[in-house]
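Colleague: Please see the structure below; I have some questions.
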Amino acid sequence: MEFAEVVRRRRMIRNYDPDRPVPAEVRDRILRHALRAPSAGFSQGWAFLVLESADDRARFWAATAPDDSTPDAPSRWLARMSTAPLLVVPLSHRDAYLDRYAEPDKGWTDRDEARWPVPYWHIDTGFAALLMLLTAVDEELGACFFGIPPERIDAFRGAFGVPAPYLPIGALTIGYRAPDPRSPSLRRGHRPFDDVVHFGRW
């Protein structure tokens with residue numbers, strides 16, 4: 001698929017065919033493309049938790065589901081999202097960046113987080129997540145990036161043994177699309193180019 005077509009077709013998909021697993025070679029391409037994301041100082045401060053088995057996926061949803069969901073009565077959102085046969089949780093690792101920039105070629109010896117204008121560890125991990133979303137489109141799959149509620153992060157960590165220095169920036173569902181109503185938010189339309197892009201000055 002041409003890159004412009006991949007970008008044009010990318011949207012968040014929230015319903016999947018639960019009977020069609022993502023082939024291992026496709027899964028690996030998605031993950032290998034994520035490793036090509038840019039990172040400050042080539043720190044590569046990310047990790048990806050891959051959940052494919054029914055037990056692992058059920059454990060993820062049990063740990064992270066919104067408060068209005070129960071195993072017997074999942075929310076409408078969860079009932080569709082949980083049909084995805086593949087989940088990937090991108091995790092950022094701040095210390096990898098603080099350590100990297102304390103190395104001799106960078107020259108910061110104090111590891112002071114205040115030196116960073118923004119938390120690049122989250123941004124770079126987000127770049128990797130976007131590459132996974134785009135690769136899914138190129139592979140004729142659907143995918144959705146969504147957040148893990150802050151109050152559920154400890155439960156998520158406990159369920160999967162995630163070390164404390166790693167923070168989930170969200171999660172991705174990936175799979176073959178099933179009928180999926182378009183989000184009502186799309187009625188807002190894209191903001192006009194001239195409202196968003198400023199040449200020379202605001």
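The values are calculated or read from the model by the stated rules, or taken from the named source; none is laboratory data. Quick caveat: nothing in here was measured; it's all calculated off a predicted structure. So basically every Cβ, Gly included, is an ideal-geometry build from the backbone, and we count neighbours across all protein chains shown. Keep in mind that these areas ignore ligands, DNA and RNA; they rest on the heavy atoms of the full protein, side chains included. Shrake-Rupley method; radii C 1.70, N 1.55, O 1.52, S 1.80 Å.
Colleague: Please report the relative contact order for the chain, taking Cα pairs under 8 Å with a sequence separation of at least 6, and give it as a percent rounded to a whole number.
Modeller: 34 percent
Colleague: I would also like to ask the following. As an exercise, use a Förster radius of 35 Å and the Cβ-Cβ distance of Arg20 and Trp202 to find the FRET efficiency, rounded to the nearest 0.05.
Modeller: 0.15
Colleague: I would also like to ask the following. Give me the angle, in degrees from 0 to 90, between the Cα long axis of helix 54-64 and the longest principal axis of the Cα atoms of the chain, rounded to the nearest 10.
Modeller: Result, in degrees: 70.
Colleague: What shape does the chain have by the C-alpha gyration tensor, where a ≥ b ≥ c are the square roots of the eigenvalues, rounded means a/c under 1.5, and otherwise prolate means a/b greater than b/c and oblate the rest?
Modeller: Oblate is the answer for the chain, as a/c is 1.5 or above yet b/c matches or exceeds a/b.
Colleague: On a 0 to 90° scale, report how tilted helix 24-34 is relative to the longest principal axis of the chain, with both axes built from alpha carbons and the result rounded to the nearest 10.
Modeller: 30 degrees
Colleague: Further question on the same structure: Quick check: residue separation of Arg76 and Arg59 times 0.36 nm, minus the Cα distance between them. What number comes out in nm?
Modeller: 4.3 nm
Colleague: Follow-up question, since we're still on this one. Roughly how many debye, to the nearest 20, is the charge dipole of the chain about its Cα centre, given +1 on each Lys and Arg Cβ, -1 on each Asp and Glu Cβ, and no other charges? Can you show the working numbers first?
Modeller: Details: 27 positive and 28 negative charges, 132 e Å.
Result for the chain is approximately 640 debye, rounded to the nearest 20.
Colleague: In terms of solvent-accessible area of protein heavy atoms at a 1.4 angstrom probe, what is the ranking of Phe145, Phe156, highest value first?
Modeller: Largest to smallest exposure gives the sequence Phe145, Phe156.
Colleague: Can you tell which of Val137, His198, Ile174 lies farthest toward the positive end of the dipole of the stretch 126-202, using +1 and -1 charges on the Cβ of basic and acidic side chains (Lys, Arg; Asp, Glu)?
Modeller: Sorting the options by dipole projection puts first His198.
Colleague: Within a Cβ distance under 14 Å of Asn15, other residues only, what is the Lys/Arg minus Asp/Glu net charge?
Modeller: On the way: positive: Arg11, Arg14, Arg20, Arg76, Arg80, Arg177, Arg182; negative: Asp17, Asp19, Asp180.
With Lys, Arg at +1 and Asp, Glu at -1, the net is +4.
Colleague: Let me check something: with ligands and nucleic acids excluded, how do Arg9, Arg157 order by accessible area (1.4 Å probe), largest to smallest?
Modeller: Per-residue accessible area, sorted high to low, gives Arg9, Arg157.
Colleague: Rounded to the nearest whole Å², what accessible area per residue is found for the chain with the 1.4 Å probe? Could the numbers behind the result be given before it?
Modeller: Details: 11890 Å² over 202 residues.
Per-residue value: 59 Å².
Colleague: On full extension of the chain, what length is gained from Arg111 through Ser185, given 0.36 nm per residue of separation minus the C-alpha to C-alpha distance?
Modeller: Length gained, Arg111 through Ser185: 22.5 nm.
Colleague: With each pseudo-label sitting 7 Å past Cα toward Cβ, what's the Phe146-Met1 distance in nm, one decimal?
Modeller: Taking the simple label geometry, Phe146 and Met1 are separated by 2.1 nm.
Colleague: I'd like the trypsin sites (Lys or Arg not before Pro) in the stretch 81-118 restricted to DSSP loop residues with at most 15 other Cβ atoms within 10 Å, sorted by number.
Modeller: Answer in residue order: Lys106, Arg111.
Colleague: Please report the carbon-and-sulfur percent of the accessible area for the stretch 108-187; probe 1.4 Å, protein heavy atoms only, DNA, RNA and ligands left out.
Modeller: C and S fraction of accessible area: 58 percent.
Colleague: Just read off the accessible area of Val6 with the full protein assembly in place, 1.4 Å probe, to the nearest 10 Å².
Modeller: Result for Val6: roughly 10 Å² accessible.
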